[in-house]
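Just so you know, all these numbers are worked out from the coordinates, no wet-lab data involved. Please read all numbers here as calculations on a predicted model, not as lab measurements. Cβ atoms come from the backbone with ideal geometry, glycine included; neighbour counts cover every protein chain shown.
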Amino acid sequence: MQPFSHLMQQWLYGKEGYYQNHKIGKDGDFYTSVSVSPFFGYCIANFIADFFTKLPPLQKIAIVEIGADKGYLISDIASFLAHNPLFAKLSFHTLEPLKNLQTTQKSTFYSKTSQTLHTLDSPKDLQAQNYDFTFFISNELLDSFACELYYKGEMAYLQDNSLLFAPAPKEIIEIAQAMELEIGEIPLHLKSFLASLTQYTPSFAFLTFDYGDLKARNAFSLRFYQNHTTNNLFLNPTSKDYYPNFLESFGKSDITYEVHFGYLKNLFKAMNAKELFFGRQNKILVDMGLDKVGEWYIQNFGLESFMHHSPKIRTLIDPAFLGERFFGIGFARI
């Protein structure tokens, strides 16, 4: 009998796991803001540039993407910042445990920027670099942490290819109480992961976008994505009844669930980090300077090229698509 989190970890990150050979975008299993338009990364880059104008001068800054997939987001950010005076002080990294993705990320980054991307196996690798400041970025990272399925003091285990619920250990119950959660997903290792980031980076910012809510909905949200089709694990989100054949998709579909942003806020607050922003993606991208980014693009690449991107930009901010389904949030400890 093994906890569901062990199954999910192997499903996504094992040798035959989904992230070893998955595809994202039109020909993949799902879209992301990164795959839709480089303007997503450009807006983040504009925010980063503005952020550092408000700090005392720094000489050595790391930009680190966590969960970079093929490396397009950090490449878009670097491309936008390439002509900014800040660029000379920047070093670009990805934090990536999968070796095959490290190779892909380096290749993508070089092809887009003609610059070198540094890959990190763990947060500890930052310690020897002695950066003045580390800026962490991510997109749809938090919902990829292996989670436990929690139901009113019980949690799910896999036994004989079936799910069963049994009393949860004290550790899980305490996290559920901290999340004010009775039914739903518990990201077991999120707290320790964030602690490891901040342990080796005394001054940092953390920015991410994801799907979720500020409070616990007290319902299961775990679902599978394959070929742009979504299938929920549970027949009823407030019951323990589930689809019995879900293991047939092992390693073939992505697993995701809604992020509890209130819990995330509390974790960073405990690390003495200040909240920079929180809101729906469309508002956050506008606040980050989407209009200025558009002007920059037209000036450098022309109006015709911008008009080609325009429908994809609308997808990023359209309430019916990505604009209000996703939230952006940022923290800093200076």
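Taking the Cα centre of segment 1-131 as the origin, how large is its charge dipole in debye, to the nearest 20, when only Lys and Arg (+1) and Asp and Glu (-1) carry charge on their Cβ atoms? Provide the component values of the computation, followed by the final result.
Working: 11 positive and 10 negative charges, 52 e Å.
With only Lys, Arg, Asp and Glu charged at Cβ, the dipole is about 260 debye.
Among 230, 32, 334, whose Cα sits farthest toward the positive end of the charge dipole of the chain (+1 at Cβ of Lys/Arg, -1 at Cβ of Asp/Glu, about the Cα centre)?
334
With a 10 Å Cβ neighbour count serving as the proxy for reagent exposure, in which order, fewest first, do 185, 295 appear? Intermediate results must be reported in sequence, preceding the final value.
Working: 185 26, 295 12.
Fewest-to-most Cβ neighbours within 10 Å comes out as 295, 185.
How large is log10 I(q)/I(0) at q = 0.24, 0.27, 0.28 Å⁻¹ when the Debye formula is applied to the Cα atoms of segment 86-144, each weighted equally and without solvent?
Here the Debye-derived log intensity ratios amount to -1.22, -1.35, -1.36.
Quick one: putting +1 on the C-beta of Lys and Arg, -1 on the C-beta of Asp and Glu, what dipole do you get for the chain around its Cα centre, in Debye to the nearest 20? Please list the in-between numbers first.
Details: 29 positive and 34 negative charges, 134 e Å.
With Lys and Arg at +1 and Asp and Glu at -1, about 640 debye.
Could you tell me whether segment 113-153 comes out rounded, prolate or oblate from its Cα gyration tensor? Rule is a ≥ b ≥ c as square roots of the eigenvalues, rounded for a/c under 1.5, then prolate if a/b exceeds b/c, otherwise oblate. Mind showing how you got there, number by number?
On the way: a/c = 3.19, a/b = 2.17, b/c = 1.47.
In terms of gyration-tensor shape, prolate.
Quick one, could you list the DSSP H helices from the chain stretching 18 Å or more along their long axis (Cα atoms) with average Kyte-Doolittle hydropathy of 0.5 or above? Mind dumping the intermediate values first?
Values: long enough: 39-53 (21 Å, 1.31); 99-113 (21 Å, -1.42); 303-317 (20 Å, -0.06).
Span-like helices, by this rule, are 39-53.
How long are the semi-axes of the ellipsoid equivalent to segment 211-299, from square roots of 5 times the Cα gyration tensor eigenvalues, in whole Å, largest first? Present the calculation step by step, with values, prior to reporting the outcome.
On the way: eigenvalues 225, 92, 24 Å².
Listed largest to smallest, the semi-axes of segment 211-299 are 34, 21, 11 Å.
For segment 120-236, restrict the atom set to alpha-carbon positions and state the Rg and Dmax in Å.
17.1, 51
At a Cα cut-off below 14 Å, give the aspartates and glutamates reachable from residue 124, other chains included and same-chain residues fewer than 8 away excluded.
Counting by Cα, and skipping residues close in sequence, residue 124 has these aspartates and glutamates nearby: 96.
Which of the lysines could be linked to residue 252 by a straight reach, that is with a Cα gap under 20 Å, when you skip same-chain ones fewer than 8 residues away?
Reachable lysines: 15, 23, 26, 70, 99.
Putting +1 on Lys and Arg Cβ atoms and -1 on Asp and Glu Cβ atoms, find which of 123, 111, 57 reaches farthest to the positive end of the dipole of segment 52-161.
Farthest towards the positive pole: 57.
Kindly state, to the nearest 0.05, the FRET efficiency for residue 235 paired with residue 333, given R0 = 30 Å and r defined as their beta-carbon distance. Could you put the intermediate results ahead of the total?
Numbers: r = 43 Å, r/R0 = 1.43.
In this case the efficiency is close to 0.10.
Can you check what the net charge comes to around residue 4, using other residues whose Cβ is under 11 Å from the Cβ of residue 4 (Lys, Arg +1; Asp, Glu -1)?
Details: positive: none; negative: 148, 185.
Here the charged neighbours net out to -2.
Averaged across orientations, what area in nm² does the convex hull of the alpha carbons in segment 1-158 project?
Details: hull surface 47.1 nm².
The number I arrive at for segment 1-158 is 11.8 nm².
Excluding same-chain residues fewer than 8 positions from residue 215, which aspartates and glutamates have a Cα within less than 13 Å of its Cα?
180, 182, 185, 258
Suppose a student asked you for the relative contact order of the chain, using Cα pairs under 8 Å spaced at least 6 residues apart; what percent would you report? Display every interim value, and only then the final one.
Values: 608 pairs, mean separation 68.2, N = 334.
Over the chain, the number comes to 20 percent.
In terms of the Cα gyration tensor, with a ≥ b ≥ c the square roots of its eigenvalues, is segment 271-334 rounded because a/c is under 1.5, prolate because a/b exceeds b/c, or oblate? Before the final figure, lay out the partial values.
On the way: a/c = 4.21, a/b = 1.68, b/c = 2.51.
It comes out oblate by the Cα gyration axes.
Ordered by packing density, taken as the mean number of other Cβ atoms within 10 Å over each peptide's residues, highest first, how do 307-314, 216-223 rank? Before the final figure, lay out each step's value.
On the way: 307-314: 13.9, 216-223: 18.1.
By packing density, highest mean first, the sequence is 216-223, 307-314.
Assign unit charges at the C-beta atoms only (+1 for Lys and Arg, -1 for Asp and Glu), then state the dipole size of segment 193-334 relative to its Cα centre in Debye, rounded to the nearest 20.
Working: 15 positive and 13 negative charges, 84 e Å.
The dipole magnitude comes to about 400 debye.
Output needed for the chain: three equivalent-ellipsoid semi-axes, defined as square roots of 5 times the C-alpha gyration tensor eigenvalues, in descending order, whole Å.
34, 22, 19
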